Structure formats: structure tokens, C-alpha cells
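Peer 1: Input: one structure, supplied below.
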Amino acid sequence: MDSVLKAVNRVSQIAALAGDTQVGDGGSLPSLARQLPKIVVVGGQSSGKSSVLEAVVGRDFLPRGTGIVTRRPLELQLETAADPNAREYGEFGHLAGQKIYDFEEIRKEIEAETMRHTQKRGTIVSPVPITLRIVSPLLPALSMVDMPGLTKVPIDGQPKSIVQELENMARDYVKHENVIILAVTPANADLATSDALRLAREVDPTGERTIGVLTKIDIMDPGTNCRDVLEGHSYVLKNGWIGVVNRGQADINSRMSMADARARELAFFHKKADYGGIKNIGTGFLSTELSERLVASVRRQLPNISAFVNKSVMDLQRELEAMGGPAATSRGEMIHLVLTLCRKFETSFAKLIDGGKGGGELILTVFEKRLPDSIEKQPFKKILDVAYVKRVIEEADGIQPHLVAPEAGYRRLLEEALGYLKDPTDKSVEEVFVLLRRMVDNVANSEEVRALKRYPTLRREIVTAAYRALEKFKEETRKMVLIMVEMERNYITAEYFRTIQMGKMPDGKLMYTLDGRPVTEEPEGSPEEKHYKRIINQVSGYVREVCTQLTQTVPKAIVHCMVLQSKDKLLEEMSASVAGDQELALKRLLGEDEALMKRREALTHKLDMLRRAQGELTSVDQQSELTQRLAFSATAQADPSSSPFYAVPEGHQNSDLSSEACHIGLSRRKDLTLREDVRLMCNGEMQTLAQLLKGHKAVVFGVPDCGKVCSEQHVPGFLQRCDDLRNAGVSRVLCVAVSDAAAADAWADKLSLGDGSKIQVVTDPNAAFTRFLGMELAPPGAPGPRSQRYAAVVDDGVLLKVCVDKSPGEAKASSADSIMQVLAAMH
């Protein structure tokens, strides 16, 4: 049997056991079943659909009776046994490993499993398939789905909805583009009223995927035949019709063997002159035709199936990792998980503070805009009034008026004026506190800590702990800022007092009043008014200096006592507490949100299915590649001129492939895009070499691993010469890593390669491209580097030059400098 079809059958069985079917909308998870080529058999009840399947298999094994006998889709996987003398057997997907040699037991198990499933669902029919694998040396390689028969009218005991349920189920299976529709229709009925043909026309209007099967030809009315239909003269189908004659109910009751039925079928067509010379008749022709079409479809679709599986695995893995991965069970795992999530939260919080918009930028606005504005709006004018100043000074002097300068009055006025600074500075502390709390909320709802959504209790505890810590830091900061204001109010040095009198700072700089006038400006008015106005100017100048100073020092205090503390110690107390928690308390913290828990379980289930499918597809890729290489090798030994175009011959690794002297310089053998089956993973999608290289002058360099030489020499060398390569006409630089995509992406991020505009890292998961170039060092699974270190020049998909290093541990021949020399020589 074809190994590719065998692998796809196993993938189909994996999907069915995982509950991944063709039906429904599939939710938000990728459906593997819909990617797999299948032959789906549809037809009305009593159209002979089951008889056609049994004739292909050559065995009685399907349930029989009246009404709806087939109540679940049956995915039938036929395999050709390698041993011609092997015994036939069947194996159900839900009974993996259990071989059933009695086909009557197979029939009973189909009925029993159908009953178990439908009773559990409480329905008559179900879209969830039963998978049955039958292995026999007499069988063709086929994968078919037997659908419940369509009906126009419900019979006794059936709900009225059964007609629509059966049609919707069949439609869900046949609407996908990779499905071959086998429309079974009785020849003794009007084709215009065929349910199978009507449904096929609806989902396949061009007829690209539909094959018609005419049954009951032997019981057509005397004098009539279906030759015009079989020859395509009436009711034309693009893929034609195939006529078969199956056993009737009397034949089944009399236990006519399949061999006798086949012989009678052939005899019928040979005897009837109406069908003379027609090839598309008989069960044998039907089996061969279906097998060839299915194998061709599978081979054509295999690259797309592999790409779909690889991309789905990556996407689901990313989502699962973002949700926090599998659940922790032991106390140690739970403590580690809680502390890890706390660190992630603190890191995201610190990043937001250090960032611009929505973080540090808002705090800076408080310091540079709101604090100065708030200070400026304070009612200093109230105490800098002549009458008020006079009263304060007189009260301060008491019974002994001042002789030179009213020192006591000065101090009282300054204390009162500077007291106004308590409110704006305290308000700044509160505003920064509010901003930090808002940042905690933003982080808690951000994608960076998405895993916390999985644990709502832990999320609430983290936010509450962060609030408590911020509250504590706020009180400490408030005390510090209040002390700074009180320090300015409570003590004025003699030197500063003299400075006030002179109207100049110690460095000679003039002092200015709050409204911007020089302190030394001579006021107007009577001698007494002038005296008090000079005092007002001097107090105003000093207050202005203190305000200026506090607008510098208060932000420093807030940053030191609150912002930096919150960055460094936001969840310090919670982390210390969690480390001492017992298992019960930890389980309470890690109680999952039910919706997220179900999502994670669905992701894990689907990911497990896709990984098993990936393993099957990987094995067939490797087997196919090995077979191809062996075939090429045998051809090359017989005819050296026909050696494979993808292999670089010994001694030619560093030769200029554009030279006619090199036999792999022939255009057919140096055009990489001819190999459509070789693909590379780029930006989460499998892409052909044509998609990557056509229309570009490209440099493609391969790395043996993601080690020191690659990270510190090879890749940085190409980054440094990026502009030189562009000037030399190179429009794309690809770095090929034989690795899984997640590891390569992480490596690219570590090297800061960004969006790939300079160097695009692509992965060769199965080393197919590396083998294609003849650069493989070790087979899959072997330790050490998988690829040689090389660099190639490719123009519009055509390989022109390959440079290979002698050892994977050096980057000389394949370096950017070496490639620049190659490009210069070509130019």
C-alpha cells in the first residue's frame, strides 16, 4: 500500500479519536479532519450505498435493516497487506490494537458502538464518526466515509427534524474542497430527483470533486438501459459515472458470497449488448478508479497538510504558553508558579514605569506641569499685602519694636507663606500614587501577564498586595515631603537672612519676587508704605527661591521613596508570604477560572492530537525523501549525467554553478524552485522556495546550530555587511536553521533581528531543504549539528554559487566578507 496514504489514514484515525470531525463550525481551534482528503459516499436510503462499500471491501460487515441503518458516519480505511497470504482483519479506532478477524463481529461492534454513542447523546443519529481500519492483501488503498442515507420523509418513530439533520450532516462532510464526493444513485430512479446529486451540485457546482455511481442497473425496466448516462451523453458529470451491479436482498438472504456476486456482475455486463465496449463498469473498475484518485489527491495535498499541522502546533503552543502552560500539582511547583507570575507582574510594572506613554510619561507630567502650576495657584498674595504685613510685624514686635530689621516678623511671614506649600507637594504625592495604582490595573489586564487570567484568585491577591505596598510607600513619601517643607519653614540661617536683606543670592544672582520683579526694585508710596513693600518684596523673593528648590527636590523624594520602591519591592511581602504557604492555601490561590480551564484543556487535547499527527507526517516525509534519494542514487550510478539536481557533487561545493563547465550549472538542475515539495517555515507559515526566492537576488546561509560561532560571528557578520549586500543588488538574506520554529524565533529575538527586514530566519524542521542542497551532516535525531555551515547566492530562484566551510566550528568560506567577494566577481 502507498505509504503516504497509510500515514494520512493514521492521522485521520488520530483526529477521529480526538473528536476532531468534519462537522460543525470547529470553534476557534483548527480542525485537522477538514484538511485530510477523503472519499465521502452519499446517497438516499436504499440507494445501494452500503452494498457498494461491501462490494469494494469484498466482505459483509455493515449493519442491515429498514429505515436509518447507518446512524453515524463510518470512516473506512482500507489497507493492502504486504504479505499476500496475510489474514484479513479489522481494527476500530476506539478499540486500538484489538484485531477482529470475524467480520460478523465487526458488524456487531458497529451496531453496539453506534448504540452506546447515540444513547449517551440522547439522539437517533450523530455526526461523530466511527473509524474502522481493514487490512487485507486483496484490498486497494482507499479511505472512504459512509454517511447515513438521505431521506425525504421521516418514517414512524423518527422525529420530523431527521430529514434536515441527515442532510446537514452530509453537507458538513462534503462541502470541504479536499473531499471527493461519491454520489450513489439507483439507475431505476429518476436522476433529476436524486438526493445525492442535488447535494453534490450544491457544494460542488463545477463538478470537480464529484463521481457518480449508478446502482441497481440489473433491475431497470425491460427495454431500458443507462448507457447514455455512463457514456456522458445525458446528465453529464465532469468525472463521469461508474456502473455497478450489487447483490439484492434475496442474494444477501441466501448468503451469496462476494466472489459469486463479482462473477455475476461481470457476467451481466458481458451478456448485455447494451453495455458492450464500456470500460467504466464493475466494482473492480470502481475500486481502482477511487484508489488512484484518492492517492493522487493525498500526494497533492500532503505539503499543505504538513504546513497546516506545523503552523497549528506553533499557534496552539504559543497560546498555551501564554496561559501559563500545564497546571502545577505539587507544593514546590505551585510556589514556583506563583513566584514566577509575581516576577512577571513586577517586570511588566517596572517596564511600564520606565516606558513612555501610559507610564513614566504621566509621572513626569505631574512633576513638570501639575506641581509648579499648583504652587503658582497658592494664595500668597493674601499675606503679601501691606496692611497684613504691617499687622504681622507689629504683632511680632510686641512691646519692643524692632531697631534695624523686623526679624521676628520676617520669620512669621515666611513660615506662613511656606506653609502654603504643604498642599501642592502632598497633592503631588497623591497624584503619583493614583498613577501607580492605575499602572497596576493596566498590568493586571495586559497581555504580558495573560497567564494571570487563568487564576482569578491569584490575580486579585497580586493586585491587592500591590495596592498595599503602594499605600505603604505613599505614607513614607508623604512624611518625607512634609519634612522637606517643614525644614524650609522652621529654620532660616543668618546668611540667608542677610541674603534677603540684600536681594541677592550668595553667588551674586538677583532675587526675584513671585510676580517676577527684582527684589531690589524701589517701591512707590509713602515712606511707611515703601518700608513694608520692601519687606514684601524680600519675603516674596525668598518664597520664590524655596518654591523653585522644592519643585526640584520634591520629585526626587517621590521617585526615591515611592516610584523606585514600587519598582523594586512591589510584591516583596507577598512573595515572602507565599514561600511559607501550605499546599491548601496555594491551591486556593491557583484556583482557575472555569472558562480558561476548559480552554486550556481543549488546547492541550488538540495540541496532543496535532503533535501525534505531526509525527506521522514527519515519518512519511523522511521516508519519501529517503526513497527519492535512493532512486536518484541508482539512476546516477547508471547514468552520471542524470545525478540529482539538488545534490552538490563532491568537489563542487565551492564551484561557481553559473559556469557551463559544472554539470549542475544546467538550468533545470540549478533552479531551486522546481522542487515544490521542499518548504521552509517563515513567519509561522510553510512557504515554497518559489515564494521565498522568486523575484529576488538572495543570499541564503545555513547555520549548524544556534551556538556561539553562529551568534557571535556568522549572523553578526551579515548584519554588519547588510548595506553592502543591498548595494550589491541583494534584496533578501535568509538564515536557514535546522530547528523547530519556536527555538529559532527565540534565537532571532536574542540576536535582535527584529522584523526580518535585514536577515530573515527561516527554519527547516525536517532538514528537507538541507538534504536538498546536500548539506546534511547528521540524520534526524542524531546529536550534534544537523547542517554544514554554508552560504549560497541565488538569483530569481536559480542557484549560482555555494560556499561551504570545512568545519561547522568556523565561519570563513561562508562569511559575509566571502560572499561580498563572490558578488563582486560575478558583477
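FYI, it's all coordinate maths here, none of it is from the lab. Just so you know, these numbers come straight off a predicted model, no measurement behind them. FYI the Cβ positions are ideal-geometry reconstructions off the backbone, even for glycines, and counts take in every protein chain you see.
Peer 1: Along the charge dipole of segment 40-281, which of Gly58, Pro205, Ile134 sits closest to the positive end, that is, farthest toward it, with unit charges on the beta carbon of Lys, Arg, Asp and Glu (+1, +1, -1, -1)?
Peer 2: Pro205
Peer 1: In whole angstrom, how far apart do the alpha carbon centroids of segment 329-395 and segment 524-571 sit?
Peer 2: If we compute the Cα centre of each part, the gap is 17 Å.
Peer 1: Note down the nm distance, to one decimal, between modelled labels 7 Å out along Cα→Cβ at Ser234 and at His94.
Peer 2: In this crude label model, Ser234 to His94 measures out at 4.5 nm.
Peer 1: Okay, moving on. Among 517-527, 718-728, 471-481, how do they line up from the highest to the lowest mean number of other beta-carbon atoms within 10 Å?
Peer 2: 471-481, 718-728, 517-527
Peer 1: Continuing with this model, one more query. Once fully extended, how much extra length lies between Ser446 and His560, figured as 0.36 nm per residue of separation less the alpha-carbon to alpha-carbon distance?
Peer 2: The Ser446-His560 span can extend by a further 38.4 nm.
Peer 1: Which pairs, out of Lys472/Lys567; Lys357/Lys377; Lys377/Lys422, put more than 19 Å between their alpha-carbon atoms?
Peer 2: Check vs 19 Å cut-off fails for Lys357/Lys377.
Peer 1: Run the reach check for Lys530 against lysines, Cα to Cα strictly under 21 Å, same-chain hits fewer than 8 apart removed. What comes back?
Peer 2: The reachable lysines, counting only those whose Cα sits under 21 Å from Lys530, are Lys381, Lys382, Lys390, Lys504.
Peer 1: Can you tell me the dipole magnitude for segment 331-589 around its Cα centre, using point charges on the Cβ only (Lys, Arg +1; Asp, Glu -1), in Debye to the nearest 20?
Peer 2: Result for segment 331-589 is approximately 1020 debye, rounded to the nearest 20.
Peer 1: For Lys533, which aspartates and glutamates qualify as cross-link partners when the Cα separation must be under 16 Å and same-chain residues fewer than eight apart are set aside?
Peer 2: Asp385, Glu394, Glu407, Asp515, Glu521, Glu522, Glu524
Peer 1: From the alpha carbon gyration tensor of segment 40-281, can you work out the equivalent ellipsoid semi-axes (sqrt of 5 times each eigenvalue) and give them in Å, largest to smallest?
Peer 2: Equivalent ellipsoid of segment 40-281: 27, 24, 17 Å, largest first.
Peer 1: If all Cα-Cα distances of segment 331-589 are sorted into 10 Å bins from 0 onward, what percent lands in each bin, rounded to whole numbers?
Peer 2: Distribution as computed: 7, 25, 23, 16, 12, 10, 6, 2, 0 percent.
Peer 1: Can I ask one more? Tell me the net charge near Ala744. Cut-off is 12 Å between Cβ atoms, Ala744 excluded, with +1 for each Lys or Arg and -1 for each Asp or Glu.
Peer 2: Net charge around Ala744: -4.
Peer 1: Enumerate the lysines that Lys694 could reach by cross-link, defined here as Cα to Cα under 17 Å, with residues fewer than 8 away along the same chain left out.
Peer 2: Lys670, Lys801
Peer 1: Roughly what % of Cα-Cα distances in segment 270-370 sit above 16 Å, to the whole percent?
Peer 2: When all Cα pairs of segment 270-370 are counted, 79 percent exceed 16 Å.
Peer 1: While we're here: Given a Förster distance of 35 angstrom, what is the FRET efficiency for Ser752 paired with Arg438, based on the Cβ-Cβ distance and rounded to 0.05?
Peer 2: For Ser752 and Arg438, the calculated efficiency is 0.65.
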